Each structure stands twice: as C-alpha cells, then as structure tokens.
1. Kindly point out, ordered by number, any Cys in the chain whose beta-carbon has no other cysteine beta-carbon under 4.7 Å away.
2. Ratio of the stretch 59-123's C-alpha Rg to 2.2 N^0.38 Å, to two decimals?
3. Hey, any idea what % of the chain's accessible area is carbon plus sulfur with a 1.4 Å probe?
4. Quick one: length gained pulling Trp50 to Thr113 fully straight, 0.36 nm per residue minus the C-alpha distance?
5. For the stretch 102-110, take each phi angle, set θ = phi - 60°, evaluate the Karplus expression 6.51 cos²θ - 1.76 cosθ + 1.60, and give the result in whole Hz per residue in order, putting x for glycine and proline.
6. Using θ = phi - 60° and the Karplus relation 6.51 cos²θ - 1.76 cosθ + 1.60, list the HN-Hα couplings for the stretch 222-237 in order, rounded to whole Hz, with x at every Gly or Pro.
7. So, for the stretch 14-174, what is the accessible surface per residue at a probe of 1.4 Å, expressed in square angstrom?
8. Which log10 I(q)/I(0) values, to two decimals, does the stretch 14-174 give at q = 0.17 Å⁻¹ under the Debye formula with one point per Cα?
Amino acid sequence: MVPMIPKQATGVESLVVSEIFGPTFQGEGVSTGRHASFVRLGGCDLHCSWCDSPYTWDSSRFDLRAELARRPVADILQDVDERGAALTVLTGGEPLLHQRQRGWGTLLRGLTTRGRELEIETNGTKAPDPETVENTHRFTVSPKLAHSGDPQEMRVRPNALKAFVDSGKASFKFVVASVHDLPEVDLLVTTVGIPPERVWIMPEGTGSDVILARSQELADSILQRGYNFSSRLHVLLWADERKR
Ligand code: SF4
C-alpha cells in the first residue's frame with residue numbers, strides 16, 4: 001500500500017515519490033529505446049520475490065522514511081520538465097495506488113502538456129479510473145505469474161485486467177523466468193481476452209548474462225505463440241544500477 005509519509009501543509013497537492021530520474025532509455029516493453037524520464041512513486045500492493053524496486057515498499061529491508069518523500073506535484077512537474085524528455089514513464093511500486101489521491105489528476109495533466117507523452121507501468125491489480133485513462137497515452141500492464149511468490153488472488157484481478165483491455169491503450173508485459181512459465185501466460189491471455197499482438201514476454205533477471213541466456217531460451221516459443229519480445233535494455237547497459 002501507499003506508505004505512511006507525513007502530509008504536506010493543507011492545500012498543497014502532493015504525492016509520495018521514491019525517485020525521479022532521466023533522461024535515460026525506456027528499457028522495457030513497447031517503448032524500449034525511447035528517450036524518457038521516470039517518476040517512481042512509493043508503495044506497492046504486491047511483494048514479488050524478484051522485485052527490482054523493493055526500496056519503494058519493503059520496510060523490512062529499507063528505511064522507507066529515507067527512501068520516500070511526499071513532494072508537491074508542482075515540484076514533480078518542474079523536475080520532469082527540466083529533464084527535457086518527450087516521454088515520461090510513471091512507475092513504482094504500483095502507481096495506480098495513488099490515483100484517488102489529491103494531486104493525481106494534476107500530475108497526469110501536467111505530464112501531458114507541451115506534446116509530452118505519458119506511459120504508466122502498472123501491475124494490473126487496480127482498474128484505471130476514467131480520468132487516468134483519459135490522460136494517459138499508454139499503459140504497460142505487467143500481471144505477475146506464480147513465480148513472483150504473490151498469492152494468486154492478489155496478483156490476478158481479471159476485472160481490472162479487462163478494464164485495461166477495454167481502454168484500448170494497454171500492452172501486457174509478462175516477466176518470465178523460463179519456457180515453463182509460458183502456459184500460465186497463455187491461460188491468462190485466453191481467460192482475460194488479451195489480443196496476442198498486445199502481449200510482450202520479458203526475461204526476468206538483473207544481470208546481462210542471465211537476460212541473454214533466458215532471451216535465447218524463450219525466443220522461439222514466443223514467436224510460435226504470436227507474442228512480442230521485450231529485452232531489458234537498461235540491465236544490458238547498466239546492470240541493476242539505480243536511476244537507470
Ligand atoms: S508489482 Fe512491481 S513493484 Fe510491486 S513488488 Fe512486484 S515487481 Fe515490485
């Protein structure tokens with residue numbers, strides 16, 4: 001959930017932020033390789049065993065009072081503005097935990113001014129509100145599989161996933177450790193009604209050797225299914241360095 005961080009003074013729209021960084025390349029999914037800035041919000045409703053951003057939610061391993069800060073939306077927008085990228089990726093943690101917070105709509109509208117594009121990365125457990133759909137150019141929805149260690153009833157919310165399909169703005173990115181995970185993807189794709197051409201399969205891993213080996217293992221099986229492939233460009237370039 002959204003961690004308990006002290007509120008700003010009354011009247012100031014603010015959100016709990018982990019980090020803002022860029023410009024860098026979007027490393028995953030539909031927009032791989034694009035020049036982008038990232039806004040990473042705090043908190044998550046899942047606890048994936050291989051999470052690459054546990055510092056947004058895991059208070060057993062990180063001091064969240066040091067990792068997270070409530071920042072005025074105006075400051076977030078100015079920070080993004082100064083980075084000068086045409087694409088902003090709003091990520092987490094789970095950013096849609098914030099969509100009922102005051103300041104969310106202001107943030108989305110601000111991130112789409114002056115021709116900028118907004119992409120939201122989400123785990124797909126929360127359906128997007130109409131305001132979120134209206135102000136977002138695309139969603140990268142990443143439902144978690146059994147190997148994440150999260151209970152199925154928490155990680156797979158069919159109605160929320162269908163809402164993303166119905167938005168017409170979503171691609172679905174599955175983090176896969178081996179070919180043995182692909183039947184689970186197939187079942188979810190069929191059950192929810194996700195068009196195969198909107199599916200991206202991405203190897204799990206935080207080192208270039210693992211990413212390359214798993215990519216080679218997965219490639220033919222992905223092609224046979226009519227799915228797309230996503231690498232992890234930032235891992236190939238910079239391993240698991242933060243703010244990349
Ligand atoms: S949903 Fe994403 S941010 Fe949340 S625990 Fe899983 S990998 Fe980490």
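The values are calculated or read from the model by the stated rules, or taken from the named source; none is laboratory data. Everything numeric here is computed off the predicted structure, so don't read it as measured data. Cβ atoms come from the backbone with ideal geometry, glycine included; neighbour counts cover every protein chain shown. All accessible areas refer to the heavy atoms of the entire protein, side chains included, with ligands and DNA or RNA removed. Shrake-Rupley method; radii C 1.70, N 1.55, O 1.52, S 1.80 Å.
1. Cysteines of the chain left without a disulfide-compatible partner: Cys44.
2. Normalised by 2.2 N^0.38 Å, the Cα Rg of the stretch 59-123 equals 1.20.
3. 52 percent
4. Working: separation 63, 0.36 × 63 = 22.68 nm, distance 3.50 nm.
Value of the extension gain: 19.2 nm.
5. With coefficients 6.51, -1.76 and 1.60, one gets 5, x, 4, x, 4, 4, 4, 5, x Hz.
6. Taking θ as phi minus 60°, the curve returns 5, 4, 4, 8, x, 8, 9, 10, 10, 7, 10, 4, 5, 6, 4, 7 Hz for the stretch 222-237.
7. 38 Å²
8. The Debye formula, applied to the Cα set alone, gives -1.03.
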